[in-house]
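Single-structure report; data block below.
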Amino acid sequence: MLEDFFTAWQAEALVIDMWFSLQAQSPLSTITELQALTKHPAFDVKNPNRARSIYSALGMYNHHRLHALDGSGYQFVADAIAEIDQLNPQLASRLATPLTRWHRYDHERQGLMKARLEQLSNSPQISKDLFEIVSKSLQAG
């Protein structure tokens, strides 16, 4: 059904943004499936709306996958943030928001989230925008 929908609406960018978002929001979508979704020919990480359609949707609506105890959701988001930071630092800073809320979660998830923030903070190519958000979050702890 998803492929049929894509085929019918592929010329409508906003509809396809929602198509990506719907899949990223679904707790049925695994991180592996979301990684595959970022390889879809219609996905372009350089397009802010398209990037938000997956990464923001996951961060805001798919708590089941984002907060998985294996840390895969956090790693997926952190890897995307690092990539996007080289293209659009403001967008990367906004995408980091779910990780900056680490203090709201249990000790195990806090550790996983802080580890991803530290990974981003220690990146030699981190932008000023992202560094400000990440470092303030880490200092708040």
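Which of the residues belonging to the range 122-135 are open to solvent by less than 50 Å² (accessible area, probe 1.4 Å), over 14 Å from THR97 (Cα atoms) and of a type outside the set (A, V, I, L, M)? Steps first, please.
First, the residues of the range 122-135 that are open to solvent by less than 50 Å² (accessible area, probe 1.4 Å): 123, 126-127, 130, 134-135.
With over 14 Å from THR97 (Cα atoms) added as a condition, the list becomes 123, 126-127.
Correct list: SER123, SER127.
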(request) Could you grab the pairs with beta carbons closer than 8 Å, sequence gap of 6+ or different chains, first residue in the range 15-32 and closer than 14 Å to ARG65 by Cβ and open to solvent by less than 70 Å² (accessible area, probe 1.4 Å), second one in a helix (DSSP H, G or I) and aromatic (Phe, Trp, Tyr)? (result) ALA24/TYR55; ALA24/TYR61; GLN25/TYR61; ILE31/PHE76
(message) Cβ contacts < 7 Å: first residue within 19 Å of MET113 (Cα to Cα), restricted to the range 124-135; second residue open to solvent by less than 20 Å² (accessible area, probe 1.4 Å) and assigned to a loop (DSSP other than H, G, I, E, B), any location; separation 6+ or different chain. Result?
(response) LEU130/ALA96; ILE133/ALA96; VAL134/ALA96
(request) Considering each of ALA42, ALA51 in turn, give the residue that is buried (at least 20 other Cβ atoms within 10 Å of the Cβ) and either within 23 Å of LEU14 (Cα to Cα) or among the polar types (S, T, N, Q) (or both). (result) ALA51
(message) I'd like to verify a number: residues in the range 57-80 that are of a type in the set (A, V, I, L, M) and either open to solvent by 60 Å² or more (accessible area, probe 1.4 Å) or within 17 Å of ALA140 (Cα to Cα) (or both), how many?
(response) 2
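Conditions tested, residue by residue: (1) part of a loop (DSSP other than H, G, I, E, B); (2) at pLDDT 95 or above; (3) in contact with a Gly (Cβ under 9 Å, 6 or more places away or on another chain); (4) among the aliphatic types (A, V, I, L, M).
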site: SER29; (1), (2), (3), (4): yes, yes, no, no
site: PHE43; (1), (2), (3), (4): yes, yes, no, no
site: TYR55; (1), (2), (3), (4): no, yes, no, no
site: TYR74; (1), (2), (3), (4): no, yes, no, no
site: ALA82; (1), (2), (3), (4): no, yes, no, yes
(request) Give the residues of the range 81-121 that are open to solvent by 70 Å² or more (accessible area, probe 1.4 Å), of a type in the set (Asp, Glu) and touching a residue at least 24 places away in the same chain (Cβ under 8 Å), sorted by residue number. (result) GLU83, GLU108
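Kindly indicate whether any position in the range 88-99 is more than 22 Å from TYR61 (Cβ to Cβ) and of a type outside the set (A, V, I, L, M).
There is at least one residue in the range 88-99 that is more than 22 Å from TYR61 (Cβ to Cβ) and of a type outside the set (A, V, I, L, M).
The values are calculated or read from the model by the stated rules, or taken from the named source; none is laboratory data. The structure displayed is predicted, hence computed values, not measured ones. Here the Cβ is made from the backbone with ideal geometry for all residues, glycine too, and neighbour counts use every protein chain on show. Heavy atoms of the whole protein, side chains included, go into the accessibility calculation; ligands, DNA and RNA do not. Shrake-Rupley method; radii C 1.70, N 1.55, O 1.52, S 1.80 Å.
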